[in-house]
1. Based on what the data block shows, is residue 333 surrounded by 15 or more Cβ atoms within 10 Å (Cβ to Cβ), at pLDDT 95 or above and closer than 25 Å to residue 462 by Cβ?
2. Checking residue 411 against (1) out of contact with any helix residue (DSSP H, G or I) (no Cβ under 7 Å at 6 or more places or on another chain); (2) in a helix (DSSP H, G or I), only one condition comes out false. Which one?
3. Quick check on the range 283-299. Is at least one of its residues assigned to a loop (DSSP other than H, G, I, E, B), touching a Ser or Thr at 6+ places or on another chain (Cβ under 8 Å) and either at pLDDT 95 or above or open to solvent by 60 Å² or more (accessible area, probe 1.4 Å) (or both)?
4. Listed residues 126, 93; which is without any contact (Cβ under 8 Å) to a residue 40 or more places away in the chain, under 23 Å from residue 290 (Cα atoms), in a helix (DSSP H, G or I) and open to solvent by less than 20 Å² (accessible area, probe 1.4 Å)?
5. With the requirement that a residue be more than 23 Å from residue 296 (Cβ to Cβ), open to solvent by less than 10 Å² (accessible area, probe 1.4 Å) and touching a helix residue (DSSP H, G or I) at 6+ places or on another chain (Cβ under 6 Å), what does the range 222-274 give you?
6. Can you tell me how many residues in the range 307-316 are surrounded by 14 or more Cβ atoms within 10 Å (Cβ to Cβ), in contact (Cβ under 8 Å) with a residue 40 or more places away in the chain and not in a loop (DSSP other than H, G, I, E, B)?
7. Can you name every residue in the range 95-143 that is touching a His at 6+ places or on another chain (Cβ under 9 Å) and not polar (S, T, N, Q)?
Amino acid sequence: MPRERKPHVHATNDDPVVTALSEVVGGPMGERARPHRWWTPLRVLLLLTAFTCCLGLVQKAPCSLVDGKDQNWVYSHMCYTDLRPLYVPRGLAEHAWPYSDDEQTRERYEVMEYPVGIAYWAWGTAWVTHWLNGSPDVEQRYQSPVDQLYGDDEVEDEQTIFLLVNALGFAFLALAAVWLLSRTHERRPWDAAAFALSPALLLTGLINWDLIAVALVAGALWSWSRDRPVLTGVLIGLGTAAKLYPLFLLGAILVICLRKRQYWTFASVTVSAALAWLVANAPGFLTGPDQWKVFWSFNAERTADLGSVWMLIDQAGDIGFKAHTINVWSWILFGAWCLGVFVIGMTASRSSSARGEERVAGVSRRLDTPRLAQLGYLIVVGFLLVNKVYSPQYVLWLLPLAVLARPRWRDQLIWQGAEVFYFCTIWWYLGGYLAPAGGGDAGFYWVGIAVRVLGELYLAAVIVRDLYRPDHDPVRDPDPVVEVRAPASLETSGP
C-alpha cells in the first residue's frame, strides 16, 4: 500500500527560533494557510543562496578592486582569497597544465598543492578567463620571466576575471548543494536554509575551492537518502578527488550498513567510490606522477599550522613539534576518535533486535538508525580537531553535514558564531592587530582557536545526545512507518 505523502514541515512550526521571529510577520504558519503557488520552499532557498553568494563577493571586493592595497589591507578587511595570489605562480596566467612533465615548466612554476579535482577546476576556469579576456598570446608570456607578469596590466585584469569566473562557478555549486540538501528529507526542505543563509558560506566560500567537495558531499547525502549506493559511492569518490575529507563518509556508511546488515550495500558504495577516485586521478597521475604526489608530500611535511590545536600547544608551550610527531599522533588520535564514533553509532537507539526492527503483536516498527549526516559530522569534526591546520574555509566541510544533522537555528548559530569569531581572529593575528604595542602576543588568537573547538564540540555533543535520545532529534519522524502483518492462521481461515 503506497504511503500518503505528508505536507512539508514548516520552519515556523518546527524551530523555536524561527517561530519567535515569525511573530514579526504575523506568527507561525497556520493549519489552513495556503502556500504560495510560485514561491515554493526550493525557489525561496535558491534565492536566499544567491543573495548570500552575492554578499560573499561584495565582502571579497575590497581585496580585488581597490588600488594601492597592501597585505595589511587584506588582513584588516578580512577579504583574503587564494584565487588571485595563485593565478600567476601556479602557471594559470599561461594556462599551463598543472601536471605537465615539461622540465622548463616545472622549473618555472610551483606545483598545485591541491588534489586533482581542484587542479582541474582551476585549469578549466583559467581557460574560461583567457577566453573572456580575448585569448591573449600565452606563448609571449612564456618568453618573459614570471616576475614580470605580476606588473602586467592584462594579467592584473585576468586575476579579477579569474576570481569572478570562479565566484560564478561556486555560486552554482552552492545552489546545487542547497537543492540537494532541501530534497534529502522530503518533508523538511527548510532545513537547507541554514546552509543558504550561512555566515560561514558568506565569509569563506570564496577563499579557496572547497565548495567543489562540499557540493559533492551534499550530493552523496541526497543519493544515500534515495537508496542509491552506487551513485553515493561515485560522489564520495569524486569528492575525495577534490578534498580528502569526503572519504570519511565511508566510515559513517559502514556503521549504518552494519546496523542494518546491508553488507552488499557497503561494498557497492566502497567499490564505486574507489573506481570514481581512480578515474578522476588518472589524467593527473598519468601525465605527471611527480606533480600528482606533491599534494601528499606537502601535507606530510607540514608542521603545526594556522588554526590547529597543535599550533596552540606549540606556541603556548614553546615545544617545536616536528612534522613526523604530529603526523603520528594526529592519526592515532583520529583513529581513537573514529573508534568512539563507531561505538556510539552501534549502540545508539539500539534494541534487542539484531535487524533494527522490533515486533509487537504482529507489528513491525522501524527503529531509529543513526543518520549519515549525524555520523558524518562526528567523524569529519574529529579529523578537523586533530588536523595540523585549520584554514578558515574548512568550516565549509562541516556545513552540509551540520545543517542536516542538527537542523535547529539555535545550535547552528552557536556553532557558526564560534566559527565566525575564529575567522576574525585569524586575520587579526596575521595582521598583527592582536599584538599589544607590537609585542607579538598571540594569546587572543589562541582564544579564537579554543572558541572554535568548543563550538564544534558543542554541536557534536548535541548530535550524540540526539543519537541516544531520538525524541530530541528534529528529523525523527514522530509517526514511523508501521507495517501490520496478520498471523498466518488468520490469512487462511474465515470469520
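The values are calculated or read from the model by the stated rules, or taken from the named source; none is laboratory data. Not measured: the values here are computed from a predicted model. Here the Cβ is made from the backbone with ideal geometry for all residues, glycine too, and neighbour counts use every protein chain on show. These area figures cover heavy atoms from the full protein model, side chains too; ligands, DNA and RNA do not enter into them. Shrake-Rupley method; radii C 1.70, N 1.55, O 1.52, S 1.80 Å.
1. Working: surrounded by 15 or more Cβ atoms within 10 Å (Cβ to Cβ): yes; at pLDDT 95 or above: yes; closer than 25 Å to residue 462 by Cβ: yes.
Judged against the criteria, residue 333 is a match.
2. Checking residue 411 against (1) out of contact with any helix residue (DSSP H, G or I) (no Cβ under 7 Å at 6 or more places or on another chain); (2) in a helix (DSSP H, G or I), the one that fails is (1).
3. Looking only at the range 283-299, we keep the residues that are assigned to a loop (DSSP other than H, G, I, E, B), and these are 288, 293.
Imposing the further condition that a residue be touching a Ser or Thr at 6+ places or on another chain (Cβ under 8 Å) reduces the set to 288.
Subsequent filtering for residues that are either at pLDDT 95 or above or open to solvent by 60 Å² or more (accessible area, probe 1.4 Å) (or both) retains none.
No; the residues of the range 283-299 include none that is assigned to a loop (DSSP other than H, G, I, E, B), touching a Ser or Thr at 6+ places or on another chain (Cβ under 8 Å) and either at pLDDT 95 or above or open to solvent by 60 Å² or more (accessible area, probe 1.4 Å) (or both).
4. Details: 93 fails: without any contact (Cβ under 8 Å) to a residue 40 or more places away in the chain.
So the residue among 126, 93 that is without any contact (Cβ under 8 Å) to a residue 40 or more places away in the chain, under 23 Å from residue 290 (Cα atoms), in a helix (DSSP H, G or I) and open to solvent by less than 20 Å² (accessible area, probe 1.4 Å) is 126.
5. Residues satisfying the conditions are 223, 232, 252, 253, 255, 257, 269.
6. Qualifying residue count for the region: 5.
7. First pass over the range 95-143, keeping only residues touching a His at 6+ places or on another chain (Cβ under 9 Å): 95, 123, 126-127, 129-130, 136, 138.
Across the range 95-143, the qualifying residues are 95, 123, 126, 127, 130, 136, 138.
Rundown of residues vs (1) assigned to a helix (DSSP H, G or I); (2) under 20 Å from residue 286 (Cα atoms); (3) modelled with pLDDT under 85, yes/no style:
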{"position": "97", "(1), (2), (3)": "no, yes, no"}
{"position": "110", "(1), (2), (3)": "no, yes, yes"}
{"position": "136", "(1), (2), (3)": "no, no, yes"}
{"position": "157", "(1), (2), (3)": "yes, no, no"}
{"position": "174", "(1), (2), (3)": "yes, no, no"}
